[in-house]
Amino acid sequence: MTARTEVIALRIPSELKNAIDRAARLRGTNRTAFILDAAAREANNVLAEETTFELGPEQWNRFVELLDAPVQARPALHKLLATPAPWEKRSRLLPH
């Protein structure tokens with residue numbers, strides 16, 4: 001089953017359309033795919049910056065309860081954070 005699609009019509013200056021077409025060709029894609037990718041990426045960035053959210057009384061109490069709960073040991077996380085990042089490992093091989 002495929003997702004339902006909808007049409008969005010845009011009016012843009014020809015210079016911008018030409019720039020989008022050139023960029024899409026450089027990426028090896030078409031105008032529609034290029035615009036959708038750029039719009040989706042920007043939408044995700046905007047949504048990721050959302051810092052306000054609303055909770056009902058029960059949800060708020062559960063949220064506070066989780067924040068106040070004691071920290072649980074996470075050995076795998078501790079190991080991950082103690083492991084040097086790949087670029088840190090590589091930089092040791094380079095002369096200083």
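Residue check: is Ala73 closer than 30 Å to Thr5 by Cβ and of a type outside the set (Phe, Trp, Tyr)? Outline the logic, then answer.
Numbers: closer than 30 Å to Thr5 by Cβ: no; of a type outside the set (Phe, Trp, Tyr): yes.
For Ala73, the condition - closer than 30 Å to Thr5 by Cβ and of a type outside the set (Phe, Trp, Tyr) - is not met.
Kindly establish whether Arg22 is assigned to a helix (DSSP H, G or I) and basic (Lys, Arg).
Numbers: assigned to a helix (DSSP H, G or I): yes; basic (Lys, Arg): yes.
It is true that Arg22 is assigned to a helix (DSSP H, G or I) and basic (Lys, Arg).
Within the stretch 32-42, is there a residue that is in contact with a Phe, Trp or Tyr (Cβ under 9 Å, 6 or more places away or on another chain), closer than 30 Å to Ile12 by Cα and among the charged types (D, E, K, R)?
No, the stretch 32-42 contains no residue that is in contact with a Phe, Trp or Tyr (Cβ under 9 Å, 6 or more places away or on another chain), closer than 30 Å to Ile12 by Cα and among the charged types (D, E, K, R).
Anything in the stretch 11-23 that is under 25 Å from the mean Cα position of the chain (by Cα) and of a type in the set (A, V, I, L, M)? List them, or say none.
Ala19, Ile20, Ala23
Here, each number is a calculation from the coordinates, and none is a lab measurement. Because the structure is predicted, anything quoted here is derived from the model rather than measured. With ideal geometry, Cβ positions are generated from the backbone for all residues, glycine too; neighbour counts draw on all protein chains shown.
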